Amino acid sequence: MEVQFGRGVQMGSALAKKIGEERKKHAVTLSVHAPYYINMLSQDDGKRAASRARIVESCERARCMGASPVVFHPGYYGGLSNEKAYEEMKKQIRLVLAEIKGWNVAIAPENTGKDKQFGSAEEVVALSRELKTSFCIDIAHLRAKHRGNEDVRKTLDMLPSGHVHFQYSGVEWNAGGEKRHVPIDEKHFTAFAHELIERRIDCTIICESPETLGDALKMKRIFGKLDSAAFK
């Protein structure tokens with residue numbers, strides 16, 4: 001399950017510790033989504049610092065809960081070239097990593113769905129490899145950025161071995177990319193699930209549909225139909 005701090009970290013450390021204690025009683029793993037208000041490529045030093053602080057605060061709560069990874073949207077290109085944006089993002093993430101050293105919490109830059117946002121799937125995977133962080137692949141964002149012409153197989157081909165953190169929902173897009181998340185497209189998800197099973201990818205999939213519970217159950221049933229061994 002994902003602990004959602006998208007609108008801000010509105011949970012104290014004491015409550016986070018109680019959630020962590022409760023988590024241990026059940027077969028549940030937790031991840032965290034940091035606030036949406038993050039732009040580590042801002043030209044304003046103060047805004048970059050505030051963005052890092054929001055990630056660190058999310059990591060502190062994750063530490064209390066025993067949750068990992070902490071997923072975040074990295075920022076916006078602004079006037080930077082892709083190359084300069086990538087190098088600046090590395091610097092900013094290194095500053096975050098220095099603050100959470102020893103916390104046993106992974107951070108996961110997420111690929112984004114709007115053209116102006118930093119974070120293609122290639123960029124977040126490259127950051128993960130260079131900085132030894134986790135990463136998150138949001139399939140809805142991948143679809144939106146490619147206007148429905150995404151190559152899921154190509155994306156899966158480039159992923160490193162080991163556990164992968166995915167997010168999934170349906171999505172609508174416009175001229176600028178992602179517009180909003182919508183309920184899942186069962187045909188599209190079935191094809192995605194088939195690829196994961198064929199490749200035996202060890203993964204977590206967070207359902208980000210507006211119909212979260214119902215669509216999560218649909219996703220689980222689809223996996224069960226494709227491969228009864230998928231959950232063993």
Test set (1) touching an Asp or Glu at 6+ places or on another chain (Cβ under 6 Å); (2) closer than 29 Å to ALA193 by Cα; (3) among the β-branched types (Val, Ile, Thr); (4) assigned to a helix (DSSP H, G or I) - VAL71 fails condition number: (4)
Verdict on VAL96 being under 22 Å from GLY20 (Cβ atoms) and part of a helix (DSSP H, G or I): yes
Check on ARG7, in contact (Cβ under 8 Å) with a residue 24 or more places away in the chain, of a type outside the set (Val, Ile, Thr), surrounded by 19 or more Cβ atoms within 10 Å (Cβ to Cβ) and not assigned by TED's automatic domain parsing to the domain that holds TYR168: no
Members of region 30-65 found to be touching a residue at least 40 places away in the same chain (Cβ under 8 Å) and over 16 Å from SER134 (Cα atoms), listed by number: MET40, LEU41, ARG48, SER51, ARG52, ARG54, GLU57, GLU60, ARG61, CYS64, MET65
Restricting region 150-172 to residues that are under 21 Å from THR133 (Cβ atoms) and either among the polar types (S, T, N, Q) or free of Cβ contacts under 8 Å to residues at least 40 places away in the same chain (or both), the residue that is surrounded by the most Cβ atoms within 10 Å (Cβ to Cβ): GLN167
Residue count for region 1-47, restricted to those that are part of a helix (DSSP H, G or I) and closer than 22 Å to LYS220 by Cα: 1
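Does region 82-93 contain at least one residue that is buried (at least 16 other Cβ atoms within 10 Å of the Cβ), more than 17 Å from the chain's Cα centre (by Cα), among the hydrophobic types (A, V, I, L, M, F, W, C) and part of a helix (DSSP H, G or I)? I'd like the intermediate steps shown before the answer.
Pass one, region 82-93, residues buried (at least 16 other Cβ atoms within 10 Å of the Cβ): 85-86, 88-89, 92-93.
From the residues that got through so far, the ones that are more than 17 Å from the chain's Cα centre (by Cα) too are 85-86, 88, 92.
So of that shortlist, the ones also among the hydrophobic types (A, V, I, L, M, F, W, C) come out as 85.
Next, from what is left, pick out any that are part of a helix (DSSP H, G or I): 85.
Yes - at least one qualifying residue is present in region 82-93.
Working carefully through the options LYS116, LYS187, find the one that is within 30 Å of GLU60 (Cβ to Cβ) and surrounded by fewer than 20 Cβ atoms within 10 Å (Cβ to Cβ). Break it down into steps so the answer makes sense when it comes.
Values: LYS187 fails: within 30 Å of GLU60 (Cβ to Cβ).
Step by step, each of LYS116, LYS187 is checked, and only LYS116 is within 30 Å of GLU60 (Cβ to Cβ) and surrounded by fewer than 20 Cβ atoms within 10 Å (Cβ to Cβ).
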Selection within region 44-81 - surrounded by fewer than 16 Cβ atoms within 10 Å (Cβ to Cβ) and acidic (Asp, Glu): ASP44, ASP45
Residues being part of a helix (DSSP H, G or I) and in contact with a His (Cβ under 9 Å, 6 or more places away or on another chain) - total across region 118-135: 1
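The values are calculated or read from the model by the stated rules, or taken from the named source; none is laboratory data. On a predicted model such as this, the values are computed, not experimentally measured, just so you know. Cβ coordinates were reconstructed from backbone atoms using ideal geometry, including for glycine residues, and neighbour counts include every protein chain displayed.
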